[in-house]
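One structure is given here, and the rest of the page talks about it.
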Amino acid sequence: MTQALLLAAAGCVVYGLAAVLQAMAAARRTGVAALLHPLYLLGLVLDLGAFVLAYFALEHLPVFLVNAILAASIAVTVLAARVLMGARLRPVDGAAVVVVVAGSVLLAQASGHQAAAPPPSDFTTVIVIATAVLTLATILGWRFAPGWALAAISGVGFALVTIAARGAQGSESDIFAAWPLLLCLLVGAVIAALAQLGAFQRGGVGMVVSVANGVTVIAAALVGLLYLGDAVVAGRMWAFILGMALTLAGCIVLAFSPAMKVAA
């Protein structure tokens, strides 16, 4: 479990650095042209590396813990903006970083070691349908949806990536069952990135990050607990609830930090 936690923490750091680069690119180019900006491309490479780290962490940790740790990457983003770009931090930002870390520690206490279990028999069908619906929503929303809606779509996309990855691990004994999930995982990642890009261009960075992170953490936790067999250690539901609350609260505070606007 310790090694898995370290992998998830490393993924958190890499995701946080990638977010700084992607926000800068989105502020410098409009539309899909931002995808070709060198900073955005570098951010995508870092995103890929972070996902690989998270994928292996999911072998021994529940979805709700891995996603909460990855959501804490906003703390890394804020600190990186302060160190690398001289962004201003509020006193409350330092406290929020501590709160996010405390929330992650509580969630780790609530999870324990959990190997990836085989997914339900209809899991692949459900994920394929969810991916198709999410793709359609992104296409329809790209031109007309407000920033908060695109941020929510992005959050669902990131949650889909984690959920599909967990299901693919449970299907490793049957490679033919895993391939559709891996394809949906890839599509979900692309959808999440595009929706986030559009959201950055239509709404404030704080709003986008807080909505996307909140949707990702809550959606993935619910699916993991209610559908994928994730569980909370007996007698530690209080740690799960408090850990989720602290993590989300800290992330929301940090999302509106002046450091999150430095790229604009």
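For the reader, a short list of remarks on this structure follows.
- Test: residue in region 244-263 that is part of a loop (DSSP other than H, G, I, E, B), β-branched (Val, Ile, Thr), within 22 Å of Leu44 (Cβ to Cβ) and modelled with pLDDT under 85: yes
- Any hit, region 22-37, residues being assigned to a helix (DSSP H, G or I) and at pLDDT 80 or above: no
- In this entry, Ala68 passes the filter for residues that are among the small types (Gly, Ala, Ser) and under 19 Å from Ala221 (Cα atoms).
- So Gly206, is it small (Gly, Ala, Ser) and open to solvent by less than 50 Å² (accessible area, probe 1.4 Å): yes
- Considering residues of region 83-100 that are among the hydrophobic types (A, V, I, L, M, F, W, C) and either over 19 Å from the mean Cα position of the chain (by Cα) or modelled with pLDDT under 90 (or both) only, the residue nearest to Thr2 (Cα to Cα): Val98
- When every residue of region 124-132 is checked against the conditions, none turns out to be in contact (Cβ under 8 Å) with a residue 40 or more places away in the chain, of a type in the set (S, T, N, Q) and crowded, with 24+ Cβ neighbours inside 10 Å.
- Matching entry among Leu242, Leu226, Leu246, Leu254 (being open to solvent by less than 20 Å² (accessible area, probe 1.4 Å) and either touching a helix residue (DSSP H, G or I) at 6+ places or on another chain (Cβ under 9 Å) or among the hydrophobic types (A, V, I, L, M, F, W, C) (or both)): Leu254
- Residue, most open to solvent (accessible area, probe 1.4 Å), within region 139-161, restricted to residues that are at pLDDT below 90 and not aliphatic (A, V, I, L, M): Arg143
The values are calculated or read from the model by the stated rules, or taken from the named source; none is laboratory data. On a predicted model such as this, the values are computed, not experimentally measured, just so you know. With ideal geometry, Cβ positions are generated from the backbone for all residues, glycine too; neighbour counts draw on all protein chains shown. These area figures cover heavy atoms from the full protein model, side chains too; ligands, DNA and RNA do not enter into them. Shrake-Rupley method; radii C 1.70, N 1.55, O 1.52, S 1.80 Å.
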